1. If amide H atoms are built 1.01 Å from N in the plane of the peptide, which residues on other chains or at least 5 residues away come under 5 Å of the amide H of Ser21?
2. Counting only complete DSSP H runs, which helices of the chain cover 27 Å or more along their long axis at the Cα atoms and score a mean Kyte-Doolittle of -1.0 or above?
3. Provide His395, His284, His216 in ascending order of the number of other Cβ atoms located within 10 Å of each residue's Cβ, fewest first.
4. Please go through the range 193-255 and write out the GluC sites (Glu not before Pro) that DSSP classes as loop and that have at most 12 other C-beta atoms within 10 Å.
5. Can you tell me which lysines have their Cα less than 17 Å from the Cα of Lys270? Leave out same-chain residues fewer than eight positions away.
6. Please give the FRET efficiency for Glu530 paired with Leu252, using the beta carbon to beta carbon distance and R0 = 35 Å, rounded to the nearest 0.05.
7. What is the Cα centroid distance between the range 1-35 and the range 332-376, reported in whole angstrom?
8. Mind checking which lysines have their Cα closer than 20 Å to the Cα of Lys205? Skip sequence neighbours fewer than 8 apart in that chain.
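A short reminder: the numbers here are calculations on the coordinates, not readings from a lab. Computed from a prediction, not measured in an experiment: that's the story for all the values here. Methodologically, a virtual Cβ is constructed for each residue, glycine included, from the backbone with ideal geometry; neighbour enumeration extends over all protein chains shown.
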Amino acid sequence: MIRLDSVSKQHGRQILFMDASVAVFKGEKLGLVGPNGSGKTTIFRMIVKEEAPDGGQVAIDRGTTIGYFSQDAGEMKGMSVVSATLEGAGPVSEAGMQLKVLEEKLADPSLVDEMESLIEAFGEAQARFEELGGYALDARAREILAGLGFEQDVMDGDVGALSGGWKMRVALARILLMKPDAMLLDEPTNHLDIESILWLETFLKAYEGALIMTSHDREFMNRIVGKVIEIDGGELTVFSGNYEFYMKQRALLDLQAESEFERQQAMLAKEEAFIARFKARASHAAQVQSRVKKLDKIERVEPPKRHKKLRFDFQDAPRSGDDVAKLEGVHKAYGKRSIYEGLDLTIRRKERWCVMGINGAGKSTLLKLIAGATEADEGRVALGAAVKLGYFAQHAMDLLKPGDTVWETLVGAFPKASIGSLRTLGGVFGFSGDDIEKPCRILSGGEKARLVLAVMLYDPPNFLVLDEPTNHLDIVTKEMLIECLATYEGTMLFVSHDRHFLRALSNRVLEVSSGSVRKFGGGYSEYVDETGQEAPGVRI
């Protein structure tokens, strides 16, 4: 269906692809992986003809329809959420618009002389609309929107009133409703909660077309893709299997490449030492010449080009008392809507609570109550002895000074730290090279989150309250964060829609629903086993 044949592409001085080729066939589901800036989005843009390759060609089979979901939702206003979704339905949407125009003409008395031809055209348009499933389209659109987390009243409201994240969901719904022959999904889970991610998984598994996607959610990738296309050093390499299999294969190939390079380096060093030792001796002249010629003919193995993962030795958190936080008889409401009534909860040292619950259940409210960002209407919220609390929420990113660079932010937070340690800290959180000189005002949401987490964890508190810390983080940064927090000796209370993060770090689960809470003694994996659901109300 889609082929990249010997494609070359360069952005400024950066070479993205050199003579790269790959083919995508009907029904295949592929994950596209590579470091930031490697060219993942460029591949999508070349497929949909928004960019042209510098060399080679991108070929699409005749008649193939392509739906492209990018991180730019575009302008949306002046229509309902459902209407905005229907507008992107492709041929069926065009047929519906044609039908509507003909309906208006049939009702126009000034066109009575054209009535016969209009009736004939209306019949043909109606048949076409019905053939494309147009009459079921509104119901399908609402089903997709519900799966992505929209309430019925919101679906009929103005799309222009939605936040950026919810507009992104509308943009995704348009592509899913379109059901094209091939879908290109660039980070489709970025703005979704865990319930919507699980729904999208089910939808994409049943989708019969070709799928190419990027995602920072490794569990999502594992369950959907059957092949992985890796962008590395201008080349495209296809691995059969899911993301987990790809990671194992990549680690094996890296090890083999390193071993091969080291073996050749050892052999070259040995030969060069012989030449240096005996080149002045006439008795060894023939042997020396033979070895010089041998070295000239050897094809040198390139040193492994893959970057090693940066690591940072974070400080140990100071010890707190055994009772870290206690809520007694807590009531909390927003207007007439009650969130908690008589909530009791004790969080003890070294417990790692993940909070589960549908949108609006009160997950973030619980974190705000404990962090002191909001007050209870009744009851008591208290932190224990020697508790040093660190609270990460989306508003924390607004506290960054827009005019300060990343480097100035790090130095300002830790003026006595060594330059080397702060440079390493920046690199671990994705700010290496010139990126560390970026002013905060131009940072993306993910970059701001990384910077706030870097500052928080350099001198870690003993009680971390984290509200969606994994939003917009790439897989590499998530893995680093998991490794860092896996050895963290403090206490954690967190909300996340990343199931890999939940499995790796939780040892308690608090399920919030309609003002009540259920406590589970094990972590997220045990919660799934015990309840048979991966999120409240979502069965496996």
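1. Correct list: Ser6, Val7, Leu236.
2. Details: long enough: 243-278 (52 Å, -0.49).
Helices meeting the span and hydropathy rule in the chain are 243-278.
3. Details: His395 11, His284 16, His216 20.
So the ranking, lowest neighbour count to highest, is His395, His284, His216.
4. On the way: sites: Glu195, Glu201, Glu208, Glu219, Glu230, Glu235, Glu244; in loops: Glu208.
Those satisfying the criteria are Glu208.
5. Candidates past the 8-residue exclusion: Lys279, Lys293, Lys294, Lys297.
6. Numbers: r = 36 Å, r/R0 = 1.02.
Efficiency for this residue pair is about 0.45.
7. 46
8. Lys26, Lys29, Lys179, Lys227
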